[in-house]
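**Q** So that we are looking at the same thing, I have put the structure below in structure tokens.
No lab work stands behind these numbers, since they all come straight from the coordinates. As the structure is a computational prediction, the values presented were derived from the model and not from experiment. Every residue, glycine among them, receives a Cβ derived from its backbone with ideal geometry; neighbour counts consider all protein chains shown.
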Amino acid sequence: MCLIRPENPTDHAAIRHVHTLAFGQPNEADLVDALRRHQALTLSLVAVQDHRLVGHIAFSPVSIVSATTTHDALGLGPMGVLPTHQRQGIGSQLVESGLQACRDIGCGVVVVLGHPHYYPRFDFTPAKPYGIVWQHDAPEEAFMVRELQEGMLAQTRGVVKYRPEFDAV
């Protein structure tokens, strides 16, 4: 098990290292840095094991826009774990802790563009059947939604728009 806690300023380089290694490129690390620079990390948690930062998860604001209304939600991602620590449940701890923290701050809906075989274990389901689509093309099974407050999905429809920092990924 790991300690899951909010990031602090001394974690920034280690978070960058985690995402660069986890994704094999710096794009996701650059995204986290850009979101942080624009104060758009609603929630940023780290996993620490044996006094070493081994994982990170970010949640940032998204808008779900329809012809008549706009709903605020959060987008999960990126989430990364050092390759040497993957398949040990650290990612699951990050997701579960992150979703609970999102619920605690009053978030009703979380979306994720992710592996369709990974995120359903956290009750994410394809978003399209709920009338929620991403503003870009993506496989239907990879763009998913999770309701954190009962009844929120019944009143939420539209196109999900992420922050402009995501355009560089």
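**Q** How large is ³J(HN,Hα), in whole Hz, for each residue of region 147-164 in order, when computed from phi with the Karplus curve 6.51 cos²θ - 1.76 cosθ + 1.60 and θ = phi - 60°, using x for Gly and Pro?
**A** Karplus values, whole Hz, x for Gly and Pro: 7, 9, 10, 3, x, 5, 5, 5, 10, 10, 9, x, 9, 7, 10, 7, 4, x.
**Q** Please list 86-93, 8-15, 74-81 highest first by mean number of surrounding beta-carbon atoms within 10 Å per residue.
**A** Values: 86-93: 15.9, 8-15: 13.2, 74-81: 24.5.
Top of the packing list down: 74-81, 86-93, 8-15.
**Q** Still on this structure: Can you put 20, 70 in order of Cβ neighbours within 10 angstrom, beginning with the fewest?
**A** By the 10 Å Cβ count, ascending: 70, 20.
**Q** Would you order 128, 161 from fewest to most other beta-carbon atoms within 10 Å of each residue's own beta-carbon? Don't skip to the end; give the middle numbers.
**A** Details: 128 14, 161 17.
Placing the least packed residue first, the sequence is 128, 161.
**Q** For the chain, what D do you get in µm² per second when you plug the Kirkwood radius from alpha-carbon pairs into Stokes-Einstein at 25 °C and 0.890 mPa s?
**A** Working: Rh = 16.1 Å.
For the chosen part, D equals 153 µm²/s.
**Q** For every helix of n ≥ 4 consecutive DSSP H residues, a contribution of -39,500 (n - 2.57) applies; sum these over the chain, divide by its total residues, and give [θ] at 222 nm rounded to the nearest 500 deg cm²/dmol.
**A** Details: 3 runs with 38 residues, N = 169.
-7000 deg cm²/dmol, from helical runs alone.
**Q** Related question: Which GluC sites (Glu not before Pro) from region 98-166 combine a DSSP loop assignment with at most 13 other Cβ atoms within 10 Å?
**A** Values: sites: 140, 141, 147, 150, 165; in loops: 150.
Sites meeting the loop and neighbour criteria: 150.
**Q** For the chain, calculate the relative contact order in percent as a whole number, restricting contacts to Cα pairs under 8 Å that are 6 or more residues apart.
**A** On the way: 315 pairs, mean separation 37.9, N = 169.
Relative CO of the chain lands at 22 percent.
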